[in-house]
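Engineer: The structure follows.
Read the figures in this text as sums done on the coordinates, not as results from a lab. Quick caveat: nothing in here was measured; it's all calculated off a predicted structure. Virtual Cβ from ideal backbone geometry, glycine too; neighbours counted across all protein chains shown.
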């Protein structure tokens, strides 16, 4: 579907999702477009209700935004400052050059910013005229509570701080069931002659006369700056000139000091370091949780219904990320998550005492460890390029996906090998988990792709259940931990292996299949087999599987234009009935 078949409220096509840059502070994040508009932010943490989400209502534009736009757009460029998560946007035209710098404030030395729960969530946007002159419009339309709470930002009177600096505060006026930030703007005229009190932000009403947004227009000359801060009510009263001016330098030092610990050296160093910086943004510092993505309800395919909320910590995704942190030289982030997940395993063990029958470990948790993540739809939001419904929460939290035990045990095993040794108390949790796996490995599940159709005996899940028991056995041997059920574990591990190779392999197709029930359907997830040492990469059964998947869909494979589909959705009951010919890539 063409992007130009969807237009925004101003008649322009919406930005592509790839045209947004991510900034954050390991507690929340924001998306800033190449056009300078901040169109997504949940505040004060990842899973809080949004305060800006125009990206999820692109046609009507009702989700809220914080736009910065020159009168004459000219050439626009956007990039990250080297070795940091500081985002820079530059506008160039015949009359001048203006730079926009966006970042969440971080500092190793500020007690104010380092407060574990109150210190984060301070966003700074600095607009500076580097050459010539340019008129820039700024508009803030704050829409808290997923754009449901009524109210508006109310500008205070402009204050004169120094001979060339003017300040204005923007305060929320309206209902507020969720936290709402405070905005502070400072205009430095750089000794140019200006009015006694230059106009800054003014209240703008909607067509029905209701106060709706604030807007300002600055005629910037070379050297003049506008600094805009968004922060919480605890920090706002303590802002000083020196504190604000040092934020950019302190934040840059924070990021460069962190990324310089990266162990990777090679031809892709720049790409690897950028990937690590993004992964760091996905960590939630107060608890150590790692979110799958910092956004909710962005579509897998334009116009389709697969619009999920990923602002939670999946056991599977986080386990993969732990290994990356360990190998790249960031053990502290890996340790933080391991501590987070062991706390969840302890809670799971305790809950199991009051439940009859199998009680599975949740496949995802909220960033504070919560298990109840009810899925809801937001019908007042039209979605990105009309991709509805817009959802928050995730109903998959109670899905049975048996593969998570394998990914979790593999990450714990690797943490013990490359990080810190597992404690005896943690070993008791591992023993309980492995004993549980030995009782449920024959059950059906929904597996890695979180299908919402019927449960099956997915081959990928069986492989990862083998991994779970195998890693527990390896760990007991390496650490000489007591293992009363060792013989039972070995029997289950070997039984799983033989069953997968007999019931999960189609000899006529010469490949592994998606499930015992879908005996002619391919699933690219099984390509993980050699990576987790389930079988050798040159094993004929794996080579046959690889050859089959690498064929084009027309020839029965899953590969198209260099991308590999998860599976053929026309042959899989995944619980979704859209006809979009893509289920994503792996």
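Engineer: Normalised by the residues of the chain, what does the relative contact order come to in percent, with Cα pairs under 8 Å and at least six apart?
Structural biologist: Once divided by the residue count of the chain, the mean separation gives 10 percent.
Engineer: Next question, about the same structure. For 522, 112, what ranking results if the residue with the fewest other Cβ atoms within 10 Å of its Cβ goes first?
Structural biologist: The fewest-first ordering by Cβ neighbours comes to 112, 522.
Engineer: Explain nothing, just the number: relative contact order of region 3-240, from Cα pairs under 8 Å at least 6 residues apart, as a whole percent. Please list the in-between numbers first.
Structural biologist: Numbers: 590 pairs, mean separation 40.8, N = 238.
Rounded, it is 17 percent for region 3-240.
Engineer: Using only the alpha-carbon atoms of region 423-500, report the extent along each of the three principal axes, biggest first, to the nearest angstrom.
Structural biologist: Extents along the principal axes, in whole Å: 42, 25, 17.
Engineer: While we're looking at this one, here's another question. So for 333, 159, fewest C-beta neighbours within 10 Å to most, what's the order?
Structural biologist: Neighbour counts put them in this order, fewest first: 159, 333.
Engineer: Something else about it: Angle, helix 269-281 long axis vs. longest principal axis of the chain, Cα atoms, 0 to 90°, nearest 10?
Structural biologist: For 269-281 against the chain, the angle is about 80 degrees.
Engineer: Moving on to the next point. Take the alpha carbon atoms of region 379-425, find their center, do the same for region 264-309, and report the distance between the two centers in whole angstrom.
Structural biologist: If you average the Cα positions of each part, the centres end up 13 Å apart.
Engineer: Can you compute the modelled spin-label distance between residue 501 and residue 486, with each label point 7 Å from Cα toward Cβ, in nm?
Structural biologist: 2.4
Engineer: Which log10 I(q)/I(0) values does region 289-337 give at q = 0.14, 0.29, 0.32 Å⁻¹ under the Debye formula, counting every alpha carbon as one identical point scatterer?
Structural biologist: The Debye formula, applied to the Cα set alone, gives -0.43, -1.00, -1.10.
Engineer: Note the full-extension length gain between residue 439 and residue 478 as 0.36 nm times their separation in residues minus their Cα-Cα distance, in nm to one decimal.
Structural biologist: Answer, rounded to one decimal: 11.6 nm.
Engineer: Next question. With the contact rule set at Cα under 8 Å and sequence spacing of 6 or more, what percent relative contact order holds for region 329-417?
Structural biologist: In percent, rounded to a whole number, it is 25.
Engineer: Right, something else. Region 68-92 to region 43-66: how many Å between their Cα centroids?
Structural biologist: About 21 Å separates the Cα centre of region 68-92 from the one of region 43-66.
Engineer: Note the angle between two axes, namely the Cα long axis of helix 241-259 and the longest principal axis of the Cα atoms of the chain, as a number of degrees from 0 to 90, rounded to the nearest 10.
Structural biologist: For 241-259 against the chain, the angle is about 30 degrees.
Engineer: What is the fewest-to-most order of 360, 418, 260 by other Cβ atoms lying within 10 Å of their Cβ? Could you put the intermediate results ahead of the total?
Structural biologist: Numbers: 360 18, 418 15, 260 10.
Ranking 360, 418, 260 by Cβ neighbours within 10 Å, fewest first, gives 260, 418, 360.
Engineer: Let me ask something else. Cα centroids of region 123-199 and region 448-517: how far apart, whole angstrom?
Structural biologist: First find each Cα centre; the distance between them is then 58 Å.
Engineer: Still on this model: Go ahead and estimate [θ] at 222 nm for the chain from helices alone: -39,500 (n - 2.57) per DSSP H run with n ≥ 4, summed, over the residue count, rounded to 500.
Structural biologist: Only helices count here, giving -8500 deg cm²/dmol.
Engineer: Can you give the Rg and Dmax of the chain based on its C-alpha atoms, in angstrom?
Structural biologist: 26.3, 85
Engineer: Suppose the Debye formula is applied to equal point scatterers at every Cα of region 3-240; what is log10 I(q)/I(0) at q = 0.08, 0.13, 0.17 Å⁻¹?
Structural biologist: Taking Cα atoms of region 3-240 as identical point scatterers yields -0.28, -0.80, -1.44.
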